[in-house]
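A.B. asks: Starting off with a structure, shown below.
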Amino acid sequence: MPAAGVVMIIAVVLIVAAVVFYLVSTIVALRTITAGLDDAIAGVVEIIEKSQPVAEVVGTINQNLDAGVDLLEGLLVKKAGLIDAVGLVDGLYPGAAAAGLRNVPESKEVKAPRISEVYTRGTLTLARLGREAPIAATSPNGPALRDPAYGSGAARALYPDGRPVRAAELPRSPVIGVDSPVQYDPSEAVGGKRQRMPAAPASSERS
Amino acid sequence: MTLEWIGDVILLVAILPVVIYLLNGVLRAATGIVPSVNRIAGAARAGSADLDAVPLLLTTQEQVIATVGVVANYGGSLDVILDDAPGA
């Protein structure tokens, strides 16, 4: 066999060997890709199945929350009036008055009053104590004004001059019974005009 | 004889390098896809795991319905207790 034929055979063998090597490597890579895509598809199918009821459930939640918001907004506007309602909302959430109330479009045009000008200091203090959060003071995200460990101290702050326990002198309770010093005549006609109460005895007589 | 040598040279110098170059390109493209597919599969598994909390939405739904019911009762009582604003 001539030398040129041998060289040609060697060249063809080399080419075939290269083709086989690269094609086998490509097949292996494609099999790996197929396996990875199977995993990805399984994950995506799982995501689709799990997220299928989300829209319905979230829709129901939003529907109920909408009803709650409508109820509370309506009640607030009905009881406090539109201007005060906007002021209250703006006091709780500063800047919220610009958005207005959802079901009252004209509330966007209401100038929110400063809440301390509408309600007394005592009302605001009670609101703060009740809510345990700042109201119309600083930011709603601020620390609670009420100290849960010393709540009575916060309550006493409502009466800085001391809370009056009772009046200095209370009227005495009437003495009743057959031996009572003041005897009332029974009414002669049921449903008729009641007799006037006799004058109270003097303090010297009582003692 | 000369033509055979010329053919050998063409095979070894031109055709073999071109075949190797083209097949190498295909192999590199195929192996380049593998990491991307693996990342996609990992992301899909992680996303599926994140959605394991979805059934809790049913609890949230029940709680919201109950809470709105309580708020409605409370609002109804307030509506009776409190006077309406003047002009309301």
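Every read-out reported here was derived from the displayed coordinates using simple, explicitly stated rules and does not represent laboratory data. For clarity, every value in this text was computed on a predicted model and none was experimentally measured. Here the Cβ positions follow ideal geometry from the backbone for every residue, glycine too, while neighbour counts run over all protein chains shown.
A.B. asks: With θ set to phi - 60° and the Karplus curve 6.51 cos²θ - 1.76 cosθ + 1.60, what are the ³J(HN,Hα) couplings of segment B:31-38 in order, to the nearest whole Hz, using x for Gly and Pro?
C.D. replies: Here the 3J(HN,Hα) series is 5, x, 6, 4, x, 5, 5, 5 Hz.
A.B. asks: May I pose another question? Shape verdict for segment B:1-58, please, from the Cα gyration tensor: rounded (a/c under 1.5), prolate (a/b greater than b/c) or oblate. It would help to have the intermediate numbers written out before the result.
C.D. replies: Working: a/c = 13.33, a/b = 9.91, b/c = 1.35.
Because a/c hits 1.5 or more and a/b exceeds b/c, segment B:1-58 counts as prolate.
A.B. asks: If you don't mind, another one. What does the structure give for A:31-42 when I average, per residue, the other chain Cβ atoms found within 10 Å of the residue Cβ? Each step should come with its number before you reach the end.
C.D. replies: On the way: counts 2, 7, 7, 1, 4, 10, 4, 2, 7, 9, 3, 4.
Average neighbour count from other chains, rounded to a whole number: 5.
A.B. asks: Amide H neighbours of A:GLY81 under 5 Å, at least 5 residues apart or on other chains, H built in the peptide plane: list them.
C.D. replies: It is B:ALA85, by chain and number.
A.B. asks: Enumerate the calculated ³J(HN,Hα) couplings along segment A:80-97 in order (Karplus 6.51 cos²θ - 1.76 cosθ + 1.60, θ = phi - 60°), each rounded to whole Hz, writing x wherever the residue is Gly or Pro.
C.D. replies: 9, x, 5, 5, 5, 4, 5, x, 5, 5, 5, x, 6, 10, x, x, 6, 5
A.B. asks: Something else about it: Treat each spin label as a single point 7 Å out from the Cα along the C-beta direction, and report the A:LEU65 to B:LEU12 distance in nm.
C.D. replies: Between A:LEU65 and B:LEU12, the simple spin-label model gives 7.8 nm.
A.B. asks: Okay, next question. When A:MET8, B:MET1 are ordered from fewest to most other Cβ atoms inside 10 Å of their Cβ, what list results? Please report the intermediate quantities before stating the final value.
C.D. replies: Numbers: A:MET8 17, B:MET1 9.
Placing the least packed residue first, the sequence is B:MET1, A:MET8.
A.B. asks: By how many nm would the segment from A:GLU49 to A:VAL12 grow when fully extended, if each residue of separation counts as 0.36 nm and the alpha-carbon distance is taken off? Could the numbers behind the result be given before it?
C.D. replies: Details: separation 37, 0.36 × 37 = 13.32 nm, distance 5.46 nm.
Extending this stretch completely gives an extra 7.9 nm.
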